[in-house]
Structures are given as C-alpha cells and as structure tokens.
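The next block holds one structure in the form of structure tokens; read it before the comments.
The values are calculated or read from the model by the stated rules, or taken from the named source; none is laboratory data. This is a predicted model, so every value here is computed, not measured. Cβ: placed from backbone, ideal geometry, glycine included. Neighbour counts: every protein chain shown.
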Amino acid sequence: MLKLVNINKSYQIRKGKTQDVLRNLNVEFSNKGFVAILGNSGNGKTTLLNIIGGLDCQDSGEIYYNNQEITDYELFRREKVGFVFQEYNLIDHLSAVDNVIISMSDENINKKENAKEILIKLGLEDCLHKRPKQMSGGQKQRVAIARMIAKDVDMIICDEPTGSLDEETESNIVEIIKELSNEKLVLFVTHNRKLAEKYSDRIITIKSGKVFEDIEDYQKKGSNKIENIKSYKNNCSWLSIKNLLGRYKHTARFIILTAFIMLVASLAIIMEGEFFRLYMHEYYIDKGIMNVILDIKEDVGDKDLLADWESHSNIIHAAYNYDARIKIATNSDFLKEKPGSPTYLEEITRNEYFKEILTDGRFPKESNEVLMSAKSAITLLNIERLYDQFMTGEVDSSYVYNLIENKQFIVTEYGNPRISIVGLVDDRKIHEVQHTVYFIDGFTSLFEYPSGIKPTKVKLYKDNLYRDVNDEIINIAQQNESVNVNQYHQKNVDILYNKIDSFLELSKIALYTIIVIASISFISLLSTSLFERKYEIGLYRSIGYNKRNITKILVLEMFFIGVLSLLLVTISLLAFIVVMSFRLDYIKNFMDIFKIINMFNIVVALVLVLSFFISAIVYIVKRTILKNSILSNIKDL
C-alpha cells in the first residue's frame, strides 16, 4: 500500500516569486490496479508522479509504503518503481535487447534470453537487435515497457506514455499496461478521459495541487510481493563495454586523443632519460663530437704522446694525425700523370674502435693495406654522380666497396708504392675534415716524403659523448705541457653541445606544453561528452542505478579506453625503439633499451595520466551531473 500525507511542493519562478504545485495533498493507493490520473496542465499530475517515483522530492509531507515511511528514495526507486516515459528514454547506441537488459538486476541469471523472451511476447521479435533510431514510435514504447517489465517491480509509473502515438498504437500499448495492472500498481497520467474510463480501475483528478475527484475507491490490500534486494553491480562492466562499442566513433576519438597524450608524455620521459640524449650525441659523431683534437707543440721531439691518453678511462683510442697529405691515384690516373687527390693520414694501429665501425671489408693486416670512409673512396674514384647516388641512398657502401675491392691504388710519392683499400668504415661514426686514409705501422715507410712525416696532432676518441667528460679531458689537456687544445675544433664541438642542450630543453618544454594543452582539450571534450550523456545517465538513475554504479560505469569506460590507448602507445614505442636501435650500436638487447629509456618512469607517467583522467570523470560526474536532480537529466519530465 502507498500512502501520501500532506504533500506540498512549490517551484521558484523568479527571485521572490514561487508557484505552489501541490498543496497538502493526501491520497492512498492499493498494491495493484490501473489508476488513471487526470487534470489540466499545470495542476500537478507530473509533479505528483515524480515525487512518488523518487525523481523529485516534496517540500513537506510524508510518503509511506506498506506502512513504513520512505526515507531512502534511491533504494525505493531501485526496488519498487518502474517508469514508462512519453519520450521512451531509450539509449540510442544500445539494441532493443540491451535496452531491456540494463534494467535487470544481478539476481537475473540468463539476462539476454529473458530479455528476448519479454520482447517477443510484446511482438518485437523483428526488433531484437535494432537500435531505437531503426524503430517506430510504437515499437520504442514497447521496448520501454519491456524494460520496465524486466525490472520486475511493484509499481509502474506512466507519464502520458501514449501521448505521441496514433490511436491504434495507443490502444495496443494501454492493453499491455492494463494486463500488467492485474499484478502491479499502475499510475497512469493522461489527458484522454475516454481512455481512462475504458481501462482504469480508478480515476483520480488533480486540480490546483489537490485531489479534486476520486472515482471507484480502492480496497486496502497487503503487499503482494516478497521483499528482495536489487543490485546492478554486475551490469556495470557489461554496460561500460556496450557503451564503448555502441558509441564507437566517440570511443575512437577518445582512444586516439588519450593515446596521443600518453605518447607525448612517454616521449617527454624518454627525453629525460639516456636513450634520446645518447641518440642526439651519436647523431653528431661525424661532426666531431666524439673527438678531442690536440695540437702537438714543436719542442716535444720524439716523445710518445699516445700512451698516457689511452690509459684514460674515457678514451678508447688515441691516434696521430699528420700535417702531410699524400696523393693517391688509380693506375689509369697515374699513367696519365694526374696528380691524384690530396689525402690526410691517420694511424689506427691497435684501434679496436675502427674494427667495430667497419661496414665492408676487414681491418688492415699489412702495411700497404688501409681503410677509408665510403665518401673518401668515392672522391678517390672520381666517378661522376656516384657521390650524389650514395648520399641519396640509391647506392650503399657495399656498392662502393665492390668498386675498390681487389683494386690497387698508387701513392704518388717517392717510390710510388701500391696500396689496397681493404675496408670501409661508417661515415657516421668518424669525423673527417677531408678524405683520409687510416693506416697501421709501416705504412709511412713505403715512401719518402720530401720534408719528412711528423705527427702534428693527437686525435682522441671518447667512449662517453657527454659534455662533462669532454670538459674533463679538455682540462687535463690544458695542463699538459706537450699539447694545446685545437681551438677551432673545440669551438665547433661547443656549438654542437649548445645545439644539443638547447634542443633537449626546448623539446621538453614543447612536449610538456603539448601535454597540458592536450589534457585541457581532453577534459573539455570529456565534459562535453558527459553532459551530452546526461539523459542516458538520468535513465540509469530512474531505473535504480545508484551514484556509485554510474560512476563505476564511466570509470570503467575510461579504464578500457586507457588500456586500448596504452596498447597503441606500446606499439608506437616499440616501433620507435626498433628504429632508434638501428642508430645506436651500443644497444645489444631490449633489456638495455628498457633501462635507458626510463621504462619504469614511463609506466608511472602513463598510470598518472590515466588516473588523472579517471579522477576528472569522477569529479565532473559527482560535482555536476549526479549533483543535479534526476528530473534535469531525463527528457520531457
């Protein structure tokens, strides 16, 4: 039994002005039967239903159900009340079956089969998998009734459910509702008195906020249902997935934007770690960042200057460079008495680094065997267009090596000794001012240079490319009485370090700025999307989903979006790592990569990003949508 005692309700029209809608209204209802509620617009019919159904609250008065005052309207709405709205309030992205399932509580085991059975009984066997936009008004209203039937509650509230239907469809819908009133209490608001007189067990007329007329009074009856507790916890995960699939365009948009923010955050972390710093420094090796050039002072004599430097912890090789430049020519060039190409000299005896950067061929074994870079070999060959073809990638170093392999060249110095280029080194891994031959002990003994050959520079190869190591070596060199730091080379290296530092700092600032802007855009898009879904959320609330259920649904949606975004980011990062690993030779396996890209920090950052977005959802939902009354979230109520 439902009893309303002295119910009052008013609304504020404007400041200082209110309108009384219900005035000390008293009415009782039995536990079953078809009760039609009539009255002109503005007399309080819909307000009365909203208060009974817990969609709105009275200003004063009490409502009793089975002789107990209702204090928890959210529980009452979930356990006892089902709604049939004039505008159906179906969820557009769900099928008819899914629109029915959402009202089924956790104790319903075979939800899908039961939903189909209810729809088929209502003549909707052809609409099971259709969405609301694919159905007529009558079909949508029957789906709404099926949803209410599936909820299986004591009381059915119908607010002009046939107002937008034709006469034939109206009769069909009312017949269905009439049949339900044999076991349940049906409160049916309508303007159609003939319809009310035809189907109703009782007609109540509301006028000026009070019961004006009450025809065919009721018989008081006890409760006809066994009490149970409804729960929608199990629906939350299912419904969140259905929402994501049903709103696939919105889902794809959020996945892409979330993945973009996560990827930018990952790149920002990578730039804070070793991976990108190492790559940037490796990029400038061929510009000389790996080397420190020292000028040998004139009064050094025959002192061995390499031993001390090679013992330094950050020096992998120290080599002499010579002021002399030899001329090398092909056989044909020599026969035509061409002078050959001026070529610098650098000794690489015991140089393990050059063994590592060989791209083709082998390390010299004999004094007449040398190494060159591919670019230097191309200059020596003097073949038109070959350099352009090499630089554009049309040909590679293997092609160049095939042109010089087993080919002898002539040093156009005293004795004209013949030499062989037995290997090519990676141009990107060495610094050459001009084309250079790299030789081992005994090479300079093959010929006599007019003024003799003496080393004028010491070229140091570092195993650590960072600026602090470079500065440390420079400081040591400045205290060495045998050498001076080559200022021209050091000036160029300082410029390179400044470029790297500036690029890293500006890139990090740019990335963090992008993250902030993208996050603001995301929150804006998220807010708009949630407000667009306020009717959907209002429907969940009218069915009986509590605030925790609704929050869980939306949080799970964001979680699933985050997981899918994380998958995209992972694939992108792996692709990025694979590409970068080809450029960083010191990377031996993926474990090294995970270590130097700060993988732990990346994971933490991505978790924080996802947590931030989930928190944003919780805040927006609790502070705005769920804070509003249910009426503001349901169409035409």
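Looking at segment 307-320, I want the residues that are assigned by TED's automatic domain parsing to the domain that holds Tyr461 and without any contact (Cβ under 8 Å) to a residue 12 or more places away in the chain and have a partner that is of a type in the set (Asp, Glu) and exposed (fewer than 15 other Cβ atoms within 10 Å of the Cβ) with Cβ atoms under 9 Å, at least 6 apart or on another chain. Which pairs are those?
Matching pairs, first to second residue: Ser313/Asp463.
Which of the residues belonging to segment 144-155 are of a type in the set (A, V, I, L, M) and either outside the structural domain of Val186 (by TED's automatic domain parsing) or within 44 Å of the chain's Cα centre (by Cα) (or both)?
Selection gives Ala144, Ile145, Ala146, Met148, Ile149, Ala150, Val153.
Of Leu506, Leu496, which residue is in contact with a Phe, Trp or Tyr (Cβ under 6 Å, 6 or more places away or on another chain), of a type in the set (A, V, I, L, M) and within 26 Å of Arg277 (Cβ to Cβ)?
From the options Leu506, Leu496, the qualifying one is Leu496.
When segment 95-136 is examined, which residues are found to be small (Gly, Ala, Ser) and touching a Ser or Thr at 6+ places or on another chain (Cβ under 6 Å)?
Ser105 - this is the single residue of segment 95-136 that is small (Gly, Ala, Ser) and touching a Ser or Thr at 6+ places or on another chain (Cβ under 6 Å).
Only one of these is within 30 Å of Tyr73 (Cα to Cα) and assigned to a helix (DSSP H, G or I): Ile520, Ile500, Ile537, Ile495. Name it.
Result of the check over Ile520, Ile500, Ile537, Ile495: Ile537.
Within segment 391-405, does at least one residue satisfy the condition of being in the same structural domain as Ala318 (by TED's automatic domain parsing), under 15 Å from Lys327 (Cα atoms) and in contact with a helix residue (DSSP H, G or I) (Cβ under 9 Å, 6 or more places away or on another chain)?
No; the residues of segment 391-405 include none that is in the same structural domain as Ala318 (by TED's automatic domain parsing), under 15 Å from Lys327 (Cα atoms) and in contact with a helix residue (DSSP H, G or I) (Cβ under 9 Å, 6 or more places away or on another chain).
So which pairs qualify, if the first residue must be in segment 420-443 and assigned to a loop (DSSP other than H, G, I, E, B), the second must be surrounded by fewer than 17 Cβ atoms within 10 Å (Cβ to Cβ) and small (Gly, Ala, Ser), the Cβ gap must be under 7 Å, and the two must be at least 6 apart or on different chains?
Here the result reads Ile440/Ser367; Asp441/Ser367; Gly442/Ser367, each pair linking segment 420-443 to a residue that is surrounded by fewer than 17 Cβ atoms within 10 Å (Cβ to Cβ) and small (Gly, Ala, Ser).
Specify the residue that is modelled with the highest pLDDT; the eligible residues are those in segment 241-266 that are of a type in the set (Gly, Ala, Ser) and surrounded by 20 or more Cβ atoms within 10 Å (Cβ to Cβ).
This residue is Ala259.
Of these, Ile517, Ile523, Ile495, Ile509, which one is at pLDDT 85 or above, surrounded by 15 or more Cβ atoms within 10 Å (Cβ to Cβ) and among the aliphatic types (A, V, I, L, M)?
The conditions single out Ile523.
For segment 145-155, give me each residue that is of a type in the set (A, V, I, L, M, F, W, C), part of a helix (DSSP H, G or I) and farther than 21 Å from Asn192 by Cα.
Result: Ala146, Met148, Ile149, Ala150.
I'd like the full set of residues that are closer than 26 Å to Glu472 by Cβ, outside any loop (DSSP other than H, G, I, E, B) and out of contact with any Ser or Thr (no Cβ under 7 Å at 6 or more places or on another chain), limited to segment 296-330.
Leu306, Ala307, Asp308, Trp309, Glu310, Ile315, Ile316, His317, Ala318, Ala319, Tyr320
Output the number of residues of segment 103-126 satisfying the condition of being part of a loop (DSSP other than H, G, I, E, B) and either of a type outside the set (A, V, I, L, M, F, W, C) or in contact (Cβ under 8 Å) with a residue 12 or more places away in the chain (or both).
The qualifying residues number 10.
Considering every residue within segment 465-481, establish whether at least one is in the same structural domain as Asp323 (by TED's automatic domain parsing), assigned to a loop (DSSP other than H, G, I, E, B) and farther than 13 Å from Leu294 by Cα.
Scanning segment 465-481, I find at least one residue that is in the same structural domain as Asp323 (by TED's automatic domain parsing), assigned to a loop (DSSP other than H, G, I, E, B) and farther than 13 Å from Leu294 by Cα, so the answer is yes.
Hey, could you check segment 74-117 for residues that are among the aliphatic types (A, V, I, L, M) and surrounded by fewer than 21 Cβ atoms within 10 Å (Cβ to Cβ) and say which is modelled with the lowest pLDDT?
Ile109
What are the residues in segment 363-393 that are surrounded by 14 or more Cβ atoms within 10 Å (Cβ to Cβ), among the hydrophobic types (A, V, I, L, M, F, W, C) and either touching a Leu at 6+ places or on another chain (Cβ under 9 Å) or farther than 28 Å from Leu446 by Cβ (or both), if any?
If the condition is that a residue be surrounded by 14 or more Cβ atoms within 10 Å (Cβ to Cβ), among the hydrophobic types (A, V, I, L, M, F, W, C) and either touching a Leu at 6+ places or on another chain (Cβ under 9 Å) or farther than 28 Å from Leu446 by Cβ (or both), then Phe363, Leu371, Met372, Ala374, Ala377, Ile378, Leu381, Leu386, Phe390 are the ones that fit.
Six or more apart or on different chains, Cβ atoms under 6 Å: show the pairs whose first residue is in segment 467-488 and farther than 23 Å from Tyr284 by Cα and whose second is in a loop (DSSP other than H, G, I, E, B) and of a type in the set (A, V, I, L, M).
Hits for this filter: Ser482/Leu305.
Pairs, please: C-beta under 7 Å, at least 6 apart or cross-chain, first residue modelled with pLDDT of 80 or more and in segment 570-589, second of a type outside the set (Val, Ile, Thr) and surrounded by 12 or more Cβ atoms within 10 Å (Cβ to Cβ)?
Ser572/Leu263; Leu573/Ser266
Condition check ((1) hydrophobic (A, V, I, L, M, F, W, C); (2) farther than 22 Å from Asp201 by Cα; (3) surrounded by fewer than 21 Cβ atoms within 10 Å (Cβ to Cβ)) across all residues:
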position	(1), (2), (3)
Asn67	no, yes, yes
Ile120	yes, yes, yes
Cys127	yes, yes, no
Gln134	no, yes, yes
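Tell me, yes or no, whether segment 156-178 has at least one residue that is assigned by TED's automatic domain parsing to the domain that holds Val143, of a type in the set (A, V, I, L, M, F, W, C), out of contact with any Cys (no Cβ under 7 Å at 6 or more places or on another chain) and part of a loop (DSSP other than H, G, I, E, B).
Yes: one or more hits.
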